[in-house]
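No value in this document is a laboratory result; all are computed from the given coordinates. The shown structure was predicted, so the numbers you read here are calculated from the model rather than taken from an experiment. Neighbour counts are summed over all protein chains in view; Cβ atoms, including those assigned to glycine, are modelled from backbone coordinates with ideal geometry.
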Amino acid sequence: MTSARKPKSEAAKLQFRIGYGWDSHEFQRGIPLKIGGVTLPHPKGLGGHSDGDVLLHALTDALLGAVAAPDIGSLFSPSNPKWKGADSAVFLREALDRIRSAGYIVANVDSTLILAAPKIGQHAAAIRAHIADLLSLPIDAVGVKAKTPEGMGTENAAIAHVVVLLEKKSAARSKPQKEER
Ligand code: MG
């Protein structure tokens with residue numbers, strides 16, 4: 001439906017774009033803990049309208065932000081019953097569709113989780129592999145680090161920070177003078 005009108009800015013021509021996302025969810029007893037699409041053994045899970053996957057939510061917002069798209073809460077309203085218990089991979093796929101439509105691919109992702117428990121170290125490889133799979137990236141393009149919330153008083157929450165780098169599709173071959181559609 002979009003006409004071939006001139007872009008308002010030079011942003012569409014950028015070879016690289018950065019995106020940043022942040023999210024937090026509260027721990028609740030008796031629900032599964034999903035982080036980065038991986039179910040981890042723990043007596044508490046993360047509450048929220050969807051599956052509460054704090055890392056996939058922050059990643060989704062980072063991707064959406066990189067192309068200045070509406071954020072996850074605007075696209076998938078928590079008040080919409082459709083998203084109750086939803087697999088957060090659905091949100092991530094929408095964000096990927098949007099960055100691909102904008103002419104970009106994901107170059108790499110880095111993330112930091114902040115949570116008191118469980119320890120993420122032993123699960124980091126599985127989480128990285130799962131995110132790499134979701135994004136069609138090699139595993140060494142996905143960073144997952146974790147910290148405990150020293151002095152923050154957020155022991156009953158999990159927090160995720162994510163940055164992404166996007167690269168213009170076939171940037172190496174495209175000529176800079178003509179806009180890609
Ligand atoms: Mg969230």
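Specify the inter-centroid distance of region 113-175 and region 55-78, based on alpha-carbon positions, in whole Å.
Region 113-175 and region 55-78 have Cα centres separated by 15 Å.
Can you put ASP97, ASP87, ASP51 in order of Cβ neighbours within 10 angstrom, beginning with the fewest? Numbers along the way, then the final one.
Working: ASP97 11, ASP87 15, ASP51 25.
Ranking ASP97, ASP87, ASP51 by Cβ neighbours within 10 Å, fewest first, gives ASP97, ASP87, ASP51.
Mind giving me the FRET efficiency for SER9 and ASP133? R0 is 30 Å, r the Cβ-Cβ distance, nearest 0.05 is fine. Please list the in-between numbers first.
Details: r = 34 Å, r/R0 = 1.13.
Working from the Cβ atoms, E equals 0.30.
Please name which of VAL162, LEU33, HIS130 has its Cα lying farthest along the dipole of region 28-168 towards the positive end, using unit charges on Cβ (Lys, Arg +1; Asp, Glu -1) and the Cα centre as origin.
LEU33
Where nothing but the Cβ of Lys and Arg (+1) and of Asp and Glu (-1) is charged, how large is the charge dipole of the chain around its Cα centre, in debye to the nearest 20? Let's see the in-between values first.
Numbers: 23 positive and 18 negative charges, 157 e Å.
Rounded to the nearest 20 debye, it is 760 debye.
Set Lys and Arg Cβ to +1 and Asp and Glu Cβ to -1, take the dipole of region 68-125 about its Cα centre, and tell me which of SER101, LEU75, SER111 lies farthest positive.
Value computed over the given set: LEU75.
Give me the one-decimal nm value for the distance between modelled label points at MET152 and ALA68, 7 Å along each residue's Cα-to-Cβ direction.
3.0 nm
Just to verify a number: FRET efficiency for HIS42 and ASP110, C-beta to C-beta distance, R0 = 22 Å, to 0.05? Please list the in-between numbers first.
On the way: r = 24 Å, r/R0 = 1.08.
Efficiency for this residue pair is about 0.40.
Report relative contact order for region 28-168 in percent, whole number only (criteria: Cα-Cα under 8 Å, sequence separation at least 6). Don't skip to the end; give the middle numbers.
On the way: 249 pairs, mean separation 40.0, N = 141.
Over region 28-168, the number comes to 28 percent.
Restricting everything to alpha-carbon atoms, can you work out Rg to Rh for the chain with a Kirkwood hydrodynamic radius?
Values: Rg = 17.4 Å, Rh = 17.2 Å.
Rounded to two decimals, Rg/Rh equals 1.02.
Report, in deg cm²/dmol and to the nearest 500, the calculated mean residue ellipticity at 222 nm for the chain, where each DSSP H run with n ≥ 4 adds -39500 (n - 2.57) and the sum is divided by the residue count.
-7000 deg cm²/dmol
Fully extended, how many nm does the chain gain between ASN80 and TRP22 (0.36 nm per residue separation, minus their Cα-Cα distance)?
Values: separation 58, 0.36 × 58 = 20.88 nm, distance 2.14 nm.
Extending this stretch completely gives an extra 18.7 nm.
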